[in-house]
Amino acid sequence: MKKQVLLYKKLSPLLMARLHEQTEVTLIDNLNADGLAKLRDALPRAHGLLGASLKLDAGLLDLAPDLEAIASVSVGVDNYDIDYLTERRILLSNTPDVLTETTADTGFALILATARRVVELANMVRAGQWTRNVGPTQFGTDVHGKTLGIIGMGRIGEALAQRGHFGFGMPVIYHSHTPKPAVEQRFNAQYRSLPELLQQADFVCLTLPLTAETEGLIGAKQFALMRRESIFINISRGKVVDEAALIQALSEGQIRAAGLDVFEREPLNHDSPLLQLNNVVATPHIGSATHETREAMATCAVDNLLAALAGERPKNLVNTKAWKA
């Protein structure tokens, strides 16, 4: 008898065919109120779950007594109670690696867009306000040769460092749990404490996961350490930053600008003060949003789920303590 898979993310026909060949699939194609009700109804029969952007807590998963595995189409796993899953021996997998380069591209796009005021000045042209050569009030700032500060030197941080070091001749400084000798050698990078990095970097880039330790890591105290010429970039998670403190720092000129792909609440409210600031470039969480990368992520998730349901260890197992060899 085929195992039951509850899918709450649309997949390509090829991946759907793979799942249908090996499992019985129930698709919830919309996570509105009706879709969530259907999901709750289907959970008691589910052996596997596959999807993204849905918080799966004990209140939901207690409805799934036969659940064996969850394949998240994401690298972040802050939507899951890992201790709960481990206690129940439910295998949680994610999709690292395949989105690294694309997300780093997004980060560097935000660096360039904020430094050169691309969105603000493009909107000026679109509004018919370009009537003379731009002057100092529209000038941006250079990227090449400036100091790139990266908070969180994982895969994405390394890819960002590569772009800055080799592509733009940027000195790289970084902060992480521990020094990274290989990163230091490859990019001539230098480790800094968090206060030192904030004080020295021209571009402060967040590329770290959301955990209990990182939530609210950057707030008023940290923005006060940054220089007025500094630009803040966040491609990690919105809740790593105190958004009210960021708005104040931008409004009062404590920092030059911010490029943001993530926010405390998503989608961002249309009346957010961030959207009233010309020195903010805001994008709708597009870090991995290319056709190629999203298909690669979905493929990775399907591979993970089918392996787990076949009794094999998924390649990208998050809660390794749940695995019984």
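What follows draws every value from the coordinates through simple rules; no lab data is involved. Here the structure is a predicted model, which is why all the values come from computation and not from measurement. Virtual Cβ from ideal backbone geometry, glycine too; neighbours counted across all protein chains shown.
With the chain treated as a Gaussian network of Cα nodes joined by springs under 10 Å, which of His165, His20, His175 yields the largest mean-square fluctuation?
For the chain, modelled as a Gaussian network with Cα springs under 10 Å, the answer is His20.
Please give the per residue volume of the convex hull enclosing the alpha carbon atoms of the chain, rounded to a whole number of Å³.
Measuring per residue, one finds 156 Å³ for the Cα hull of the chain.
By DSSP, what percent of the beta bridges with both residues in region 100-282 are antiparallel, rounded to the nearest 5?
Once the DSSP bridges in region 100-282 are tallied, antiparallel ones form about 0 percent.
Take Cys300, Cys205 and order them by how many other Cβ atoms sit within 10 Å, fewest up front.
So the ranking, lowest neighbour count to highest, is Cys300, Cys205.
Going from the alpha-carbon gyration tensor of region 153-240, what semi-axes, largest first and in whole Å, does one get by taking the root of 5 times each eigenvalue?
20, 15, 12
With a cut-off of 15 Å, note down the residues of region 127-156 whose backbone N falls inside the zone around a label point 7 Å from the Cα of Leu194 toward its beta carbon.
150-153
In units of 2.2 N^0.38 Å, what is the alpha-carbon radius of gyration of region 274-325?
Relative to the rule-of-thumb radius for its length, region 274-325 sits at 1.81.
If you project the alpha carbons of region 100-282 onto their three principal axes, what span does each projection cover, largest first, in Å?
Its Cα atoms span 52, 34, 29 Å along the three principal axes.
Consider a paramagnetic label point 7 Å from the Cα of Trp323 along Cα→Cβ; state which residues of region 63-77 have an amide N under 19 Å from it.
68-77
Please state, as a whole number in µm²/s, the translational diffusion coefficient that the Stokes-Einstein equation yields for region 1-102 at 10 °C and 1.306 mPa s, with Rh defined as the Kirkwood radius across alpha carbon pairs.
Stokes-Einstein gives a translational diffusion coefficient of 113 µm²/s.
In whole Å and largest first, what semi-axes does the C-alpha gyration tensor of region 113-207 yield when each eigenvalue is scaled by 5 and square-rooted?
Each semi-axis is the square root of five times an eigenvalue, giving 33, 12, 11 Å.
Excluding same-chain residues fewer than 8 positions from Lys3, which aspartates and glutamates have a Cα within less than 13 Å of its Cα?
Glu21, Glu24, Asp66, Glu68
Report, in listed order, any pair from Lys55/Lys239; Lys2/Lys38; Lys10/Lys38; Lys9/Lys55 with a Cα-Cα distance greater than 18 Å.
In this structure, Lys2/Lys38 lie more than 18 Å apart at Cα.
Would you calculate, for the chain, the mean residue ellipticity at 222 nm contributed by helices, counting each DSSP H stretch of 4 or more residues as -39,500 (n - 2.57) and dividing by all residues, to the nearest 500?
-9500 deg cm²/dmol
Quick check of the Kirkwood formula: for region 103-163, what is the inverse mean of 1/r over all pairs of different Cα atoms, in Å?
In region 103-163 this quantity evaluates to 13.4 Å.
Starting from the Cα-Cα distance between Asp62 and Arg265, subtract it from 0.36 nm times their residue separation and give me the gain in nm to one decimal.
Result: 70.5 nm gained on full extension.
Between Phe108, Phe139, Phe187, which gets the highest mean-square fluctuation from a Gaussian network model of the chain, Cα cutoff 10 Å?
Highest fluctuation among the options: Phe139.
Please pull out the direction-averaged projected area of region 48-174, using the convex hull of its alpha-carbon atoms, in nm² to one decimal place.
11.5
Considering only the chain, what is the antiparallel percent among its DSSP beta bridges, to the nearest 5?
Rounded to the nearest five, the antiparallel share is 5 percent.
Report the percentage of all Cα-Cα pairs in region 198-295 whose separation exceeds 19 Å, rounded to a whole percent.
It works out to 39 percent of all Cα pairs.
Among Val73, Val118, Val262, which one moves the most in a GNM of the chain with springs linking Cα atoms closer than 10 Å?
Val118
Calculate the FRET efficiency for His144 and Arg313 from the Cβ-Cβ distance with a Förster distance of 51 Å, rounded to the nearest 0.05.
About 0.70, to the nearest 0.05.
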